[in-house]
Structures are given as structure tokens and as C-alpha cells.
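Everything below concerns the one structure shown next.
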Amino acid sequence: MKYHLYHDESKIDGYWHGMLLVPENTKQFLFQYLEKIRENTGHSAPIGIKEIKSEGKVFTCAELWVLFAVGAMMTKFGKKKYPIKLGKQHKGKINWDGNYEDIVKFPIGAKFILFRERDNLKNMSDSLDYGGKVETTFRMGLKGGIHFLGDADNPIEITKMHFDGCEHYQRSIDHQRIVGRLKDLREYFSIADGIYSIDDRTSDHKKEKDCQSYEDCQFLQLTDLLVGSFRVAHGFSTNNKNIHEIIAEPAKYLIRKYREGYARMQNSRWKGAFCMSECFLENGKWNFQSIEYKSTGIKQGNLFQIE
């Protein structure tokens, strides 16, 4: 299947790469529902998790976007309906056992890769500029994530890549460092021959002259919300912890399933839909492991309990 890849990051307690893979054949369907939520909640401005500090239109829009996005990652349907809401009658906390309208009639097939460089790129070689460190760890996370999520029956081809702006790199994204250095790929993972550049313009759709297409801006903003939500769900919160934890409820739900183990995920509706890992340098060698959970004084079993 062909996918467009959207990338955003968080630099709180490590460098977090978030990569949202959207299938070409269901992209319009997902986009239409993101727009429907915008319409129903009355929020048309760009969305970023850092700017959400209290309840209101942007909070509700972000909460329902994340909820819908996690639903869009399902690879098959189960007996229990996933609690999708589009905003018109959204009140209070999500009731995961509620009886909701069966909005999605077929799997959308989106995928999400979360990859954290534990030490915020600080231990990497000074021979690389900041952008080079981002590109190198992105490539590592992408290769490992795709190899985990795909298989011979579910091949993955990336046909377009989008990064959320390049201003903080002080240069454009280096296509060669990312795509050109992807080696030893498994037979089910490929990058389209037509990818000669990566769109790294801003995701702020209000900047009409300098931004990516409106549609791509929405997916980049959604990626921002997802990487922030998964970070918060791992216990790495910000000053707006209470608000962000509500938005992150669907991510907590997935993490709880993920932590039950590989065998459990094989029977999940989210089999092959997302993966999470981290890396760090030690004695000049890269080490890879599951993302550590940052203790907040709350027992982990309670934190991931969905009511």
C-alpha cells in the first residue's frame, strides 16, 4: 500500500519523532472527518498541543482529532464500537463502553511510529549539525518502525514525505541523508523513486504563501497532537498536564494494550498500526529499547485504566 508520511517532533525530556503514515487511498476520507470536526467545534485556526492551555474550542477539536486518529489506525473491527465523536454532542469524558454511531465503515489503515532519542541529541557527534542529528535519528526510527509494522502481506511504500517546517534546522531537510542512506530494507518496505525532495514548509495554513497545501497542513497538525499525546501518556508532561492528559486518553488506551505484549497485540484491532521505541548512545554505540515510563507518583496500572 502507498502512504504519505508526516513528521513532527517534541523536545521535552528527549527528542521525540512522530511519524504519521496516511494511506493514499483513504487519505481523503480521513481529511473529510478532520474537517467535519473543525466545522462542528467551530475552530479553524492551526492546532498545536503546546498552545492548548485550557478548555475551549481548540481543546475540544484537538481531543476529537486524536480520538478519531486512533480510530483511523484500526486494522480490523471488533465487536465493541470504537467511541468516535464528531463534536456536535461532545460533552464530558469519553465513555469507552458507550454505544456510538458506527461512523467508520471500513479500516482507514493509518499508522503511527513514535521514536525517542533519550538524550535530546546531545551525545551525538559534533560533526553533525542539528539538522543532521534530527535526520539521522529520524532515519533510524523510520526504518525500525516500518520493519516492525509491515510484512510480506502488508507492504509499505512511502510516496511523499512532509516535515513541519525547517526554520529550526537553519536549512532545508537533506533528502540524501534520509532517503539516500536508507540501506538493507526488507522486501516489503520501499521509497518511491519519485521522491527527490521532502516538503518542509510550515504547517501553519494561515501563512498562505509559505505553507504546505491546506490538506497536508492538517495532517502535520494532527501529527503534532499525536506525538504530544503519546509523550504525555508516557508520563512526560508539560505545565498543562491536566488538559493534555485528557487529549492523550486514546494514546493511553493504546499504550495499555501495547504493554500487554506482542502476543496480545496480534489479536488487537490495532495489530500492525503503531510502534514505540527509544534509542540512546552509550560508549559510542547505539542502544535500542522500549520507551521508559516516567514516574509521576501514580501507579502505572491506574494511569492506563480506561473507565
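Points worth noting:
- Going through (1) of a type in the set (D, E, K, R); (2) touching a residue at least 40 places away in the same chain (Cβ under 8 Å); (3) touching a Ser or Thr at 6+ places or on another chain (Cβ under 7 Å); (4) open to solvent by 30 Å² or more (accessible area, probe 1.4 Å) one by one, Glu215 falls short only on (3).
- Residues satisfying the stated conditions in region 138-182, i.e. in contact with an Asp or Glu (Cβ under 9 Å, 6 or more places away or on another chain), of a type in the set (S, T, N, Q) and without any contact (Cβ under 8 Å) to a residue 60 or more places away in the chain: Gln170, Ser172
- Some residue of region 191-211 being aromatic (Phe, Trp, Tyr) and either touching a residue at least 60 places away in the same chain (Cβ under 8 Å) or surrounded by 20 or more Cβ atoms within 10 Å (Cβ to Cβ) (or both): no
- Selection count where residues are closer than 13 Å to Met73 by Cβ, open to solvent by 10 Å² or more (accessible area, probe 1.4 Å) and part of a helix (DSSP H, G or I), scope region 228-277: 4
- Residue check, Ala69 part of a helix (DSSP H, G or I), modelled with pLDDT of 90 or more and within 22 Å of Phe219 (Cα to Cα): yes
- Hey, Ile47 within 27 Å of Gly145 (Cβ to Cβ) and touching a Cys at 6+ places or on another chain (Cβ under 8 Å) or not: yes
- Close contacts from region 18-44, counting a first residue that is in contact (Cβ under 8 Å) with a residue 60 or more places away in the chain and a second that is among the aromatic types (Phe, Trp, Tyr) and exposed (fewer than 14 other Cβ atoms within 10 Å of the Cβ), with Cβ to Cβ under 9 Å and a gap of 6+ residues or different chains, come to Thr26/Phe106; Phe29/Phe106.
The values are calculated or read from the model by the stated rules, or taken from the named source; none is laboratory data. Quick caveat, the model's predicted, so the values are computed rather than measured. Here Cβ is always computed from backbone atoms with ideal geometry, including for glycine, and neighbour counts include all displayed protein chains. Keep in mind that these areas ignore ligands, DNA and RNA; they rest on the heavy atoms of the full protein, side chains included. Shrake-Rupley method; radii C 1.70, N 1.55, O 1.52, S 1.80 Å.
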